[in-house]
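Take a look at the structure set out below.
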Amino acid sequence: MVSPRQLLHLAATRRREPWNWTAQFCGIITFSLGLFLHSYVLSALALALIAAGFLRMELPPMSDSRWHRFVLRCINHEKNWLAFPMSFRKGLDIFLVAVLVPLFIHALWTRDLAILAAYLAAAVLLHIRKENRDAGIDP
C-alpha cells in the first residue's frame, strides 16, 4: 500500500524529469486550448497528458537544445521555490496563483480576449522587468 506522502514524493520526483515536465506542460497548453474551444476531447486528452507526466518514462535523455535548457531552468526554479521557507513573499505568490489561475480559466472558457490580452501584457512586462534587472537597470 502506498501512502499519500509516498505518492506525493513520487509525483514530485517524476515532475523533476525533463520528459515528464514536458508532457505536463503540453497537457496544460492542451487544456487551455480545450477550454478556449469548449472541446471536451481536448480537455480529456490534456488531463491524460498531465497524468502521464507522473509515470515513469523510459525515454532517452533529451538532447541539448533551447527547449531542454528552458525545461531545466523551470525545474530548477520550481525546486528552489519549493525548498524556500514559507515567508510573506511565498505566501503572496500562493495567493496570486490561487486568484489568477481561476480568473484565467474563466477568461479562456468565456473567450474574453480583453482579459487574456491583459495576462499577456502582464507577462511581457514582467519579462522586460526581469531583463532590465539582469542588465543592471533598477526600475
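Quick note: the coordinates plus some simple rules give every number you see, no bench work behind them. As the structure is a computational prediction, the values presented were derived from the model and not from experiment. A quick note on method: Cβ atoms are made from the backbone with ideal geometry, for glycine too, and the neighbour counts reach across all protein chains shown.
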(request) Pick out, in residue order, every one of the GluC sites (Glu not before Pro) in segment 43-139 that is DSSP loop and has at most 15 other C-beta atoms within 10 Å; say none if there are none. (result) Glu58
(message) From the convex hull of the Cα coordinates of the chain, what is the mean projected area in square nanometres?
(response) 11.5
(message) Can you list which of the DSSP-assigned H helices in the chain have a Cα extent of 15 Å or more along the long axis and an average Kyte-Doolittle score of at least 0.5?
(response) 18-37, 40-52, 88-110, 113-134
(request) Could you tell me which trypsin sites (Lys or Arg not before Pro) in segment 38-80 are loop residues by DSSP with no more than 14 other beta carbons within 10 angstrom of their beta carbon? (result) Arg56
